[in-house]
Amino acid sequence: MSIITIRHVTTYKYRHPVAFGKHRMMLRPRDDEDQKVLKADIEITPAPADLTWTLDRFGNHVAMAHFAARASELRFESNIRLNHVPAELRETDIQHFAHAFPFAYSTARISDLAHFMSPRSLHPQLDRWASEFLRKDGSANTLELLGNVTRTINTSFKHEVRHEKGIQHPLRTLTLWTGCCRDLAVLMIAALRSLGIAARFVSGYLHVSDDHEDDDAVGGNTHAWVQAYLPGPGWVDLDPSSGVVGNRRHVRVAVVQEPREAIPLQGTWVGAKSDCLGMSVTVKVRCYAEQDDATSDRCRRGTMDAASSERDSDPPRFA
């Protein structure tokens, strides 16, 4: 078991004091079986007139802030502390009938998974690419199949920082052989769904080993990856950007059907477009391993700082 702390600060600056519309935040990690939030604080300056918290249809935490004051700077600081149990995906976790692909989900489960099985692209080029991971008879070892798709995207596609809003169409990513973590995640979702495997989009934080001990050191931003549903373990984490199968480096904030539902921070302001001076984002993630008998073989030791390649927020729209 590990204790992870996350400090995530987003600051918007304006030439003159402006008025703010509502802002929607998805910054608090999920409470799943392998991660439990111990403390979650958010400080917003200027203070909102109203701040409400809800759970969306997927169990993600969503905050909504409404403002009365005008200001030339709007700042959001989120500080999180959570328990995290890193784990690998093992074939023994998967129910025996699903060890070999193709397999069928139970009738009871199909209705819950339908939204995550609908194709993201009907183009035959994508179907052909996905089928290359199968044997000539269309079969595969399920665990090897998921691992091969994850690692192939990591090694064959160029990962680039792309600050533009939105997601590339998976066919464009496949044509260019390049994309940001969001694009590579959507490509993998499209490939898995074309094979009949339920898959969904995940956003959150990725931590990697680093030597920084300075509490003010900054590294990385938020990250995006994939979850696929397997009989037995349920939803499993697959990160095509880093080639990692399992959750050992990941903290989930949101799981969604469509990437646009997982934007960490978005809102509006009232003023001239030229009033906006820009946005800055800093993220620091540190991991402190705490070993016990039940999880000793599943822990990773060390202090880590956040690393990923995407901006964490949409620039606020002006009205």
Under the rule of -39500 (n - 2.57) per DSSP H run of 4 or more residues, summed and divided by the residues of the chain, what mean residue ellipticity at 222 nm is obtained, to the nearest 500 deg cm²/dmol?
-4500 deg cm²/dmol
Place +1 on the Cβ of every Lys and Arg and -1 on the Cβ of every Asp and Glu in the chain, take the dipole about the Cα centre, and give the residue among L174, I42, A87 whose Cα lies farthest towards its positive end.
L174
Quote the relative contact order of the range 94-186 in percent (integer), defining contacts as alpha-carbon pairs under 8 Å separated by 6+ residues.
28
Enumerate by residue number the chymotrypsin sites (Phe, Trp or Tyr not before Pro) in the range 69-148 meeting two conditions: DSSP loop (anything except H, G, I, E, B), and at most 13 other Cβ atoms within 10 Å of the site's Cβ.
none
For the range 73-153, which semi-axes, largest first and in whole Å, follow from the square roots of 5 times the eigenvalues of its Cα gyration tensor?
31, 20, 17
FRET E, pair D56, M117, Förster distance 30 Å, beta-carbon r, rounded to 0.05:
0.90
Let me spell out the model: positive unit charges on the Cβ of Lys and Arg, negative unit charges on the Cβ of Asp and Glu, origin at the Cα centre of the chain. What dipole size does that give, in debye rounded to 20?
1060
Percentage relative contact order, the chain, counting C-alpha pairs under 8 Å, at least six apart:
27
Mind listing P(r) for the chain? All alpha-carbon pairs, 10 Å bins, whole percents.
6, 26, 32, 24, 10, 3, 0
List the equivalent ellipsoid semi-axes of the range 103-196 in whole Å, largest first, each obtained as the square root of 5λ for an eigenvalue λ of the Cα gyration tensor.
24, 17, 12
Mind checking which of Q266, Q35, Q125 has the largest fluctuation in a GNM of the chain, springs on alpha carbons under 10 Å?
Q125
DSSP loop trypsin sites (Lys or Arg not before Pro) with at most 12 other Cβ within 10 Å excluded, longest remaining stretch of the chain
166-300
Per-pair calculated FRET efficiency, R0 = 30 Å: T45 and R109 via Cβ, rounded to 0.05
0.10
Label model pair L38, Y288: point-to-point distance (7 angstrom along the Cα→beta-carbon line) in nm is 0.7
Any chance you could count the Lys pairs in the chain whose alpha carbons are under 18 Å apart, treating pairs 8 or more apart or on different chains as valid?
5
What per residue convex hull volume, in Å³, comes out for the range 108-147 when only alpha-carbon positions are used?
108
Overall dimensions of the range 5-119 by Cα: Rg and Dmax, Å
20.6, 63
Candidate cut points under GluC sites (Glu not before Pro) in the range 1-79, DSSP loop plus at most 16 other Cβ atoms within 10 Å of their own Cβ, are E33
Within the range 44-82, find all residues whose amide N lies under 20 Å from a label point positioned 7 Å from the Cα of A19 along Cα-to-beta-carbon.
45-51, 65-75
Would you mind checking the tilt of helix 181-194 against the longest principal axis of the Cα atoms of the chain, expressed as 0 to 90 degrees and rounded to 10?
30
What residue among H16, H223, H207 has the largest mean-square fluctuation in a Gaussian network model of the chain, using Cα springs under 10 Å?
H16
When the chain is modelled as a GNM with alpha-carbon springs shorter than 10 Å, which of D237, D32, D127 fluctuates the most?
D32
Which angle from 0 to 90°, rounded to the nearest 10, does the C-alpha axis of helix 142-156 make with the longest principal axis of the chain?
50
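Bear in mind that the values in this text are calculations on the coordinates, not laboratory data. Because the structure is a prediction, the values reported are computed rather than measured. So basically every Cβ, Gly included, is an ideal-geometry build from the backbone, and we count neighbours across all protein chains shown.
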